[in-house]
Amino acid sequence: MNVLVCGGAGYIGSHACVALAAQGHRIVIADNFCNSSQRVLLRLQRITGSPMECARVDLRNRAAVARLFSRHRFDAVMHFAALKAVGESCAKPLAYFDNNICGTINLLQGMQDAGVRRLVFSSSATVYGDPARVPIGERAPTNVTNPYGRTKLVMEQLIGDVCRSSSSFQAAVLRYFNPVGAHVSGLIGEDPAGLPNNLMPYICQVASGRRSHLNIFGDDYPTPDGTGVRDYLHVTDLARAHVDALEYLVHQGESITVNLGTGRGVSVLELVHAFEEASGRRIPYEIVARRPGDVAEVYADPTLAQRLLGWRTRLDLHAMCRDAWRWQSLNPDGYAGAWQSGPRPRRGGRALPQETVAGSPPA
Ligand SMILES: NC(=O)c1ccc[n+]([C@@H]2O[C@H](COP(=O)([O-])OP(=O)(O)OC[C@H]3O[C@@H](n4cnc5c(N)ncnc54)[C@H](O)[C@@H]3O)[C@@H](O)[C@H]2O)c1
């Protein structure tokens, strides 16, 4: 299939490109590089063995989105493009509504006008908020607690309405739990700008000496060791689920909403110790006060994804830590680092002109 991957230069989108290419799909990435580097394109070429076609497009630009659909015939769209920092969304809710919701409306309009009928959408376990019970099934009530989560829930609802308006339009809404790790090659991985929002990249930066220690927010939660429990899954497993979801849409022709997680809760301290074992590095930490808004335990009931998609995670906590550490140690400064020779397009750099469709990535 010809697949448009919006946000394909980002952390999860780039891994999905690898999974799509491995199944023989043709990919066009659309990204505005607001939270990614063009260097990922060259890395993807090295992994997949073929140039990655990419258009520099901001989904908020409806005309640019329309032009993208007029230049290509797509069979499906994967939509990763969003702003995703919870704290920032509380400070700048309108920017989140504009980017995430307006961008999605433009994308849906472009798909409808071009007759593209299949969408795989990145949602998040954040739509469940503070769950009344774990594991969390898809029927659990949604209860968003911040503007980022609200954008995810609104986008889910908009997509649902479009599906209901036309029986030929189908969407797979994938609610991710906590993606971590990196491609086994160490060529692509999570490259947060500034202070990492997520635990694993923070641990990686402590291990590499970039940060002195890890702050653990609270050890008095009602969990086995008192620290918060989350459902970490390897980004390679997550990427594979997108290809499985696309195949489901093609073969079953019906829309779905599924959780993607391992079904096993892992505490902060358990993750720290697994990382120390996988990396051979010590992770100094301090216990500090709970962070407002954090909840004790969040983990998935992933049985629906198993039943519908035949998907289950294959990579364990050790592999998540090992691969995250490999990425970090090969790329201590992320894509901006000096590990690879050649010019260094910056995050948001201008090497690829607006809407340029590149047959091969910039060097
Ligand atoms: N990483 C997580 O922990 C996590 C968890 C649950 C859900 N998600 C969702 O998964 C998706 C991908 O997350 P990620 O971690 O890969 O994030 P990311 O920031 O690494 O990737 C998102 C990509 O989208 C691009 N983008 C953002 N706004 C855009 C716009 N208006 N036009 C064009 N491109 C735009 C960014 O430049 C970036 O390359 C997001 O929708 C996110 O909300 C992520």
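The values are calculated or read from the model by the stated rules, or taken from the named source; none is laboratory data. All values derive from a computational prediction rather than experimental measurement. Heads up, the Cβs are rebuilt from the backbone with ideal geometry, glycines too, and the neighbour counts pull from every protein chain shown. To get the accessible areas, we keep the full protein, side chains included, count just its heavy atoms, and leave off ligands, DNA and RNA. Shrake-Rupley method; radii C 1.70, N 1.55, O 1.52, S 1.80 Å.
So that you can scan it fast, the table gives a plain yes or no per residue for (1) closer than 29 Å to ASN2 by Cα; (2) modelled with pLDDT of 95 or more; (3) β-branched (Val, Ile, Thr):
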site	(1), (2), (3)
VAL116	yes, yes, yes
SER124	yes, yes, no
ARG139	no, yes, no
VAL154	yes, yes, yes
SER167	yes, no, no
ALA171	yes, yes, no
SER185	yes, yes, no
PHE217	no, yes, no
- Message: Checking ASP98 against (1) charged (D, E, K, R); (2) open to solvent by 50 Å² or more (accessible area, probe 1.4 Å); (3) touching a residue at least 60 places away in the same chain (Cβ under 8 Å); (4) within 11 Å of the ligand (Cβ to nearest atom), only one condition comes out false. Which one?
- Response: (3)
- Applying the selection to the stretch 32-45, what residues are of a type outside the set (A, V, I, L, M) and either assigned to a helix (DSSP H, G or I) or surrounded by fewer than 17 Cβ atoms within 10 Å (Cβ to Cβ) (or both)? CYS34, ARG39, ARG43, GLN45
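For (1) open to solvent by less than 50 Å² (accessible area, probe 1.4 Å); (2) touching a residue at least 60 places away in the same chain (Cβ under 8 Å); (3) within 12 Å of the ligand (Cβ to nearest atom); (4) of a type outside the set (Phe, Trp, Tyr), each residue gets a yes or a no:
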| site | (1), (2), (3), (4) |
| --- | --- |
| ALA193 | no, yes, yes, yes |
| GLN205 | yes, yes, no, yes |
| SER212 | no, yes, no, yes |
| PRO222 | no, yes, no, yes |
- Is it the case that VAL162 is β-branched (Val, Ile, Thr), assigned to a loop (DSSP other than H, G, I, E, B), modelled with pLDDT of 95 or more and more than 16 Å from the ligand (Cβ to nearest atom)? no
- Being more than 19 Å from the chain's Cα centre (by Cα), more than 20 Å from VAL184 (Cα to Cα), away from the ligand (no atom under 12 Å from the Cβ) and not small (Gly, Ala, Ser), is that true of even one residue in the stretch 51-58? yes
- How many of the residues in the stretch 46-72 are within 30 Å of ASN146 (Cα to Cα) and part of a strand (DSSP E or B)? 1
- Task: Look through the stretch 141-179, keep the residues that are β-branched (Val, Ile, Thr) and under 18 Å from GLY293 (Cβ atoms), and return whichever of them is least open to solvent (accessible area, probe 1.4 Å).
- Result: THR151
- Among (1) touching a Ser or Thr at 6+ places or on another chain (Cβ under 6 Å); (2) open to solvent by 10 Å² or more (accessible area, probe 1.4 Å), ILE188 falls short only on (2)
- Query: Somewhere in the stretch 169-186, is a residue over 18 Å from the mean Cα position of the chain (by Cα) and closer than 30 Å to VAL116 by Cα?
  - Reply: yes
- Message: Given the criteria touching a residue at least 12 places away in the same chain (Cβ under 8 Å), aliphatic (A, V, I, L, M) and open to solvent by less than 20 Å² (accessible area, probe 1.4 Å), does VAL127 qualify?
- Response: yes
- If you go through the stretch 73-89 one residue at a time, how many are assigned to a loop (DSSP other than H, G, I, E, B), farther than 11 Å from GLY110 by Cβ and more than 7 Å from the ligand (Cβ to nearest atom)? 3
- Query: For the stretch 262-295, which residues satisfy the criterion of being touching a strand residue (DSSP E or B) at 6+ places or on another chain (Cβ under 9 Å), at pLDDT 95 or above and assigned to a loop (DSSP other than H, G, I, E, B)?
  - Reply: THR262, GLY263, ARG264, GLY265, ILE283, PRO284, ALA289, ARG290
- Give me a count of the residues in the stretch 101-133 that are touching a Leu at 6+ places or on another chain (Cβ under 6 Å) and either in a helix (DSSP H, G or I) or more than 23 Å from LEU238 (Cα to Cα) (or both). 4
- Message: I'd like to check something: does the stretch 17-25 contain any residue that is more than 21 Å from LEU108 (Cα to Cα) and either under 14 Å from the mean Cα position of the chain (by Cα) or within 7 Å of the ligand (Cβ to nearest atom) (or both)?
- Response: yes
- Item | Count - residues of the stretch 326-343 that are open to solvent by 30 Å² or more (accessible area, probe 1.4 Å) and modelled with pLDDT of 95 or more | 3
